[in-house]
Structure formats: structure tokens, C-alpha cells
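Bear in mind these aren't lab numbers, they're just calculated from the coordinates by the rules spelled out. Just so we're clear, the structure is a prediction, and the values are computed from it rather than from any experiment. For neighbour counting, all protein chains shown are included, and Cβ atoms are generated from backbone atoms with ideal geometry for every residue, glycine included.
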Amino acid sequence: MLPFSQNSHYKLSFLVLLLWVSRLVDSKSGFELDDSLTYLWPLPSEFTSGNQTLTVDPTLSFSALGKGGNSKILIEGFERYKKIIFKHVSGISLFDKSRGIRSVYDISELRVIVNSDSEELQLGVDESYTLFVAKKDGKSIVGEATIEANTVYGALRGLETFSQLCAFDYETKSVQIYKAPWYIKDKPRFAFRGLMLDTSRHYLPIDVIKQIIESMSYAKLNVLHWHIIDEESFPLEVPSYPKLWNGAYTKWERYTIEDASEIVSFAKMRGIHIMAEVDVPGHAESWGAGYPDLWPSSTCREPLDVSKNFTFDLISGILSDMRKIFPFELFHLGGDEVHTDCWTSTPHIKQWLKDQNMTAKDAYQYFVLKAQEIAISKNWTPVNWEETFNSFPSKLNLRTIVHNWLGSGVCPRAVAKGYRCIFSNQGAWYLDHLDVPWNEVYSAEPLEGINNVSEQNLVLGGEVCMWGETADTSDVQQTIWPRAAAAAERLWSKREAVSARNITLAILPRLHYFRCLLNRRGVQAAPVTNKYARQPPFVAGSCYEQ
């Protein structure tokens, strides 16, 4: 029991807290858009805007022109965005209540010009576009709303931007475009703008993976790094070695090759690459559930047995089957956190090391390089976690892309040696680190410490990593968003545009707005400013101020 005076103090503090909360609950949000800010995410490279408000016809017609105008990717993309834009509006034109005549809309047609008919989706595909939106006045050569792009994937990025310009007005019950006319000339800063998804620690159903891919397109991310398998489970079907599936958690938590192909096709329709990962030689204990010969011993189960040809035959079989599914030119071979104690403590491997005149570190290098050779023979470019570069930088194949994660300074050293690099510094871009706030995600810079232009060009971009130990279907989206959007703008927008501004005044209101846009589109994005990511709101309030 507290002394009376101290107890009274606690009661008073509690009453003050209740009063504060009640005021928050009772008060209406005073949020208003700041006209000095541009509520597009990510921020376009170049743009101008005006002060007009335009109305958009709910029966908006679509005119596809150019060599790529007949693309199924483009046509289906327009249909998706039309549903988003006119979610609150029926396809029936509005009527003026007083006169009973059809209202005249400022924007009644969207013209999209695609200059190429190629639908090849590879690293560095042209995603640039221009977007022009102006009131029909009979004078302009350009249409009311026109997107022009060299590829269908650039057109998709333009459609996303156009959809963000369109806002539903609840008083007139119409879709409007503010601050028109708009002229936007846009392109990404980096070719590789990724999100890593781990489906080994927790299985994610196909529909959930599709929802994540869909949400990635809203932020113009373009690579899903699919960390399909790990030591905990092996959910992917491999026809050449069917017993690998024995490593799945259950018979229901699996992906067929048809499932994987469907995910690749779904992603391509949204201009998103799928980069698969098979992490070797560590992180592979689950492989031995079906093929125990891959384990050094029954009691020491990883790394994979380096001494057996069967190990590399199986890796070759996996990669051959996966090459039929994953067309993207990059393939991730892992190579991180390889603890070689099993090799040095297992008699037959210890003898093999002696016969080969190898140390355990030599064997680690041997395994990584042999896996790289297998991937390259199947026309893949190998990606490896940074430990491989840190351990034997001069021995990696020169085609290797070094994937940073442990800390800063790796990309500068890698590009100095002529390797390409992907930035994923865990201090900022690991989404399972729930105590990293949005502003630290936003402030991380892939080119930090790299001043030479030719070396800067070797940084492909970066990715945020959604490791799955504490994320499954119940919370994965709110763990990804909105912090992934902070990295997405860093990877898309000009460096000077996102670095030289007051982050609280110029960036935070825009990120609040984008988080609410995600919510409106059905994405379970968490509040922006909570102390821990994916934490729910504490009190009642507007989406735009959480």
C-alpha cells in the first residue's frame, strides 16, 4: 500500500492523463494539406504544378497509342487503376440536379503512349515517363491527361502517379485533381529498389504475397527478393529432388512450382522482378529432412556437407528447376553466417579438408565459388551477402553483386574493387528491427562514402528486408509499411530533393498522407510515428496525424 500522499499524487497524475486522452478523443483533427508540399510518393524527378482544380469523368476513357499500346500489361494496369481512382464513384455520369443535364468534366480521356512493344523485364529496364494533365481548352496539342513512356513499365509508373493526383471529393462526390496543370518528367534514381520477403521463418500464403507485391507497386518498388527457404523450413517444390519438400513445416505450408510461376507472372504485370534466393552453404538445415546425406552428421546439420559431390549435384538440380520459373537475371546465393564447426568436428569432412589441403575458411570459399559457377552456368548473375566479400574479396567472380547488410562501409569497399553492390544496412533497412523509426529509414543513403561517379554507378540500389521470425500473415503488412515507403523514396527520387529538406516539415506530412493512401487501398500500413513499428494507435485520431 502506498502512503496516502504518494497515492494521491498517482491519482492526480492518472486524472491528468485521462483528461489529456479525452481531449484527444473529443477534438476533431485540424489536419489540412500544406499547399507548399507535393503529395506524391515517391517525389518525381521534375515537375511543375498550378492552382486549378479539375474534375475527372467517372467514365474516363482510355486511349493506348504507340508500338506498345496493345500490351496486356498496360490494358490491365489501366483497369486496376481505374478501380482505385473511382472506388467511391459509380460508372454513371453525374447530372446537375437543378438542370438535369450532364456535367461537363475537365478530364474525360487518359492517353497513354508507349514507344516500344518489348515487355522484357530485366534489371535497368526503362521506367521513365512523362505525365501531362491540363484542362481541355481546345488549344493544347497535348491531350487532357497524357502519359508517354518508352516501355510499358514506365507507363505503369505513370499510371501510379496519375492515380495519386486523383482525389475523391466527398461534398461533390466527384474525383478531382488539385494544383493543375501538372507536368511531370520522372525516372528512378536507382535500377534496383527492393523488398526482401522471408517465407521460411513463417509461411505466407500466395494471396498475401500478391497483396505485398501489389502494395510495392504503389511505392514504385520493383524487386521482390524472395527468401523462400532457410534452415527452419523448405516450402518450395523442387521436381528434380522432391524430398526437399519434406522440410516444409506441414504439408499445407508449401509452394508448388505453379504457385511460384503465378507469383512471377503477377509481379511482371506490375513491373516487379522476382529475385529468388537459395542460401548456401549455411542456413540449410531443412534440406536434410528429405536428404540427410546433405548434413555433415545427424547431430551437426549445417553448413551443407562440402565434401560430397551429391551436395553440388543437388544445388545444380535446384537451380535448374528454378531457372524455369524465375527469369530475372539476378539470383541470390546467400553465403552469410557460415559457421564451419560442423566441418571441422565431423571426421569424414575433417579428413577431406586434410586431403584437399584446405582450412575451414578455404572450404567456405570453395563452396561459395562452386555455387557461383553453377549459377553462372545457368545464365544467372550471382548475388551474395557481404560476408563472402569480407572473407575473400579478391576471389569472388567479378560478376558478383555484393549485398550489404552488416553495416556501413561495405558498398564503398566493394565498388572500389569493381563489384556492384546492393545496400541494405541493417541499422536502417531491416524491417524486423522494430525500434528503427521512419526518419532513420529515410535518412539512410546508399551512396554514403562513395564520391567517384563511376563507383557510384556500381551501386545498383538497395532493399529493405522483412525477416520473418516475428512476422506472418497477421502482421507482415504493418511491419513493412510505411517504413518501406521511406526507403522507396530514397531509392526513386533525386538525392538532393530528399536530403536537403527539413524532414519533419517537408517529409513527415507527405509520409502521413501516403500511409493513409495505402490504408484507403486496403493495405494494413501502421501509424508512422509510433515508437515501435507495427504498433497500433493509442488513442482516437486522424490517420493523417498518427
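When you filter the GluC sites (Glu not before Pro) in the range 133-206 for DSSP loop state and at most 10 other Cβ atoms inside 10 Å of their Cβ, you are left with GLU171.
Quarter the surface of the alpha carbon convex hull of the chain and you get the mean projected area, 32.5 square nanometres. Free of any chymotrypsin sites (Phe, Trp or Tyr not before Pro) that DSSP assigns to a loop and that have at most 14 other C-beta atoms within 10 Å, the longest stretch within the chain is 253-531. When you work out D = kT/(6 pi eta Rh) for the range 244-351 at 37 °C and 0.692 mPa s, using the Kirkwood radius from C-alpha pairs as Rh and the Stokes-Einstein form, the result is 215 µm²/s. If R0 equals 45 Å, the separation of the Cβ atoms of GLU171 and ASN452 corresponds to a calculated FRET efficiency of about 0.25. To the nearest ten degrees, helix 508-520 and the longest principal axis of the Cα atoms of the chain are 90 degrees apart. Residue separation of ASN390 and GLN52 scaled by 0.36 nm, minus their Cα-Cα distance, works out to 116.1 nm of gained length.
With R₀ set to 45 Å, the beta-carbon distance separating ASN379 from THR504 gives a calculated FRET efficiency near 0.40. Averaging the Cα positions of each part gives two centres, and for the range 27-83 and the range 153-207 these lie 9 Å apart.
The trypsin sites (Lys or Arg not before Pro) of the range 190-270 meeting both criteria, a DSSP state outside H, G, I, E and B (loop) and at most 13 other C-beta atoms within 10 angstrom of the site's C-beta, are LYS251. The range 322-358 and the range 491-530 have their alpha-carbon centroids 41 Å apart.
Taken over the range 335-469, lysine pairs spaced eight or more positions apart, or on distinct chains, with alpha carbons under 28 Å apart number 15. The trypsin sites (Lys or Arg not before Pro) of the range 295-387 that DSSP puts in a loop, and whose beta carbon has at most 16 other beta carbons within 10 Å, are LYS308, LYS324, LYS378. Of the lysine pairs in the range 180-312, how many meet both conditions: Cα atoms under 14 Å apart, and a spacing of 8 or more in sequence or different chains? Lysine pairs, 8 or more places apart or on different chains, close enough: 4. Given contacts defined as C-alpha pairs under 8 Å and at least six residues apart, what's the relative contact order of the chain, whole-number percent? Relative contact order for the chain comes out at 14 percent.
With the simple model of a label 7 Å out from the Cα in the direction of the Cβ, THR529 to GLU337 spans 3.5 nm. With angles folded into 0 to 90 degrees, how steeply does helix 72-85 sit against the dominant principal axis of the chain? Use alpha carbons for both and round to 10. Around 50 degrees separate the two axes. Given R₀ = 35 Å, FRET efficiency for ASP313-ARG399 by Cβ-Cβ distance, to 0.05? Approximately 0.95, to the nearest 0.05.
One Cα centroid belongs to the range 427-477, the other to the range 257-279; the line between them spans 21 Å. Dividing the summed helix terms, -39500 (n - 2.57) for each DSSP H run of n ≥ 4, by the number of residues in the chain produces a 222 nm estimate of -10000 deg cm²/dmol to the nearest 500. From largest to smallest, the equivalent ellipsoid semi-axes obtained for the range 46-186 from the alpha-carbon gyration tensor read 28, 16, 13 Å. Taking a point 7 Å out from the Cα of TRP252 in the direction of its Cβ, the residues of the range 466-492 whose backbone N falls within less than 15 Å of it are 473-474.
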